[in-house]
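As structure tokens, the structure follows; a few thoughts come after it.
The values are calculated or read from the model by the stated rules, or taken from the named source; none is laboratory data. Here the structure is a predicted model, which is why all the values come from computation and not from measurement. Ideal geometry is used to build each Cβ from the backbone, glycine not excepted, and the neighbour counts take in all protein chains shown.
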Amino acid sequence: GNSVTQMEGPVTLSEEAFLTINCTYTATGYPSLFWYVQYPGEGLQLLLKATKADDKGSNKGFEATYRKETTSFHLEKGSVQVSDSAVYFCALLAGGGADGLTFGKGTHLIIQP
Amino acid sequence: GAVVSQHPSRVICKSGTSVKIECRSLDFQATTMFWYRQFPKQSLMLMATSNEGSKATYEQGVEKDKFLINHASLTLSTLTVTSAHPEDSSFYICSARDFGQGYTFGSGTRLTVV
């Protein structure tokens with residue numbers, strides 16, 4: 001079946017540090033890959049996505065590249081801010097899109113000033 | 001952008017009672033909605049897919065008689081947890097899909113059964 005594995009948290013960084021949150025997946029076929037962010041007390045918001053190999057999704061300074069050879073979609077940001085503190089979920093959508101998303105467990109990111 | 005409203009955000013109920021959670025797409029029509037459950041420090045797990053005007057499709061291991069899903073209109077899906085027990089306490093999140101806008105999530109419902 002499909003699965004997503006992402007690094008366990010919490011991840012604590014200082015402001016302006018470089019961020020990497022690892023995400024690897026197992027899926028049949030060619031899934032689309034997503035990163036969602038959940039700020040405290042809010043619902044999930046799409047952060048970025050990539051629909052095919054070698055695509056790079058980017059938004060708000062965050063980037064992730066769809067690596068088929070390593071089945072990975074690691075999230076990176078060059079300089080994090082306190083406002084980036086949230087829970088980040090890696091997810092995939094397999095098949096024709098008729099099914100729901102398969103999520104990783106989420107990574108709680110804490111940025112300290 | 002697309003907005004999904006989920007209500008209530010928190011609910012506490014007594015064991016043995018039923019609780020209904022609503023998920024509404026506010027500015028678009030959602031032919032398909034999804035219900036997820038999130039345990040502490042765990043993934044969001046897909047419970048069922050709700051299709052407007054037809055029966056929901058439940059994931060393996062999810063009791064359809066316990067988690068009743070109704071998607072009677074293009075803007076509303078409801079999840080009813082029947083005869084709730086403490087082990088049903090969890091965070092439930094709905095997601096609506098519109099082919100023009102992808103997936104939009106509600107803000108979730110924290111259910112506590114006492």
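Listed here are the residues, each with its yes/no results for (1) hydrophobic (A, V, I, L, M, F, W, C); (2) touching a residue at least 12 places away in the same chain (Cβ under 8 Å); (3) crowded, with 21+ Cβ neighbours inside 10 Å.
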site: B:PHE34; (1), (2), (3): yes, yes, yes
site: B:LYS55; (1), (2), (3): no, no, no
site: B:GLU59; (1), (2), (3): no, yes, no
site: B:GLY108; (1), (2), (3): no, yes, yes
site: B:THR112; (1), (2), (3): no, yes, no
Search result, residues across segment A:10-58 that are away from every other protein chain (no Cβ under 12 Å) and of a type in the set (D, E, K, R): A:GLU15, A:GLU16, A:LYS52, A:ASP54, A:ASP55, A:LYS56
Taking the condition of being part of a loop (DSSP other than H, G, I, E, B) and either farther than 30 Å from A:VAL11 by Cβ or touching a Gly at 6+ places or on another chain (Cβ under 8 Å) (or both), how many residues in segment B:43-72 meet it? 13
With respect to the numbered conditions (1) aliphatic (A, V, I, L, M); (2) more than 13 Å from chain A (Cβ to nearest Cβ); (3) in a loop (DSSP other than H, G, I, E, B), which one is the sole condition not fulfilled by B:LEU79? (3)
Determine which member of the set B:PHE28, B:PHE67, B:PHE39 is away from chain A (no Cβ under 14 Å) and over 10 Å from the mean Cα position of the chain (by Cα). B:PHE28
For segment B:93-110, which residues satisfy the criterion of being more than 11 Å from chain A (Cβ to nearest Cβ) and either in a loop (DSSP other than H, G, I, E, B) or at pLDDT 95 or above (or both)? B:GLY100
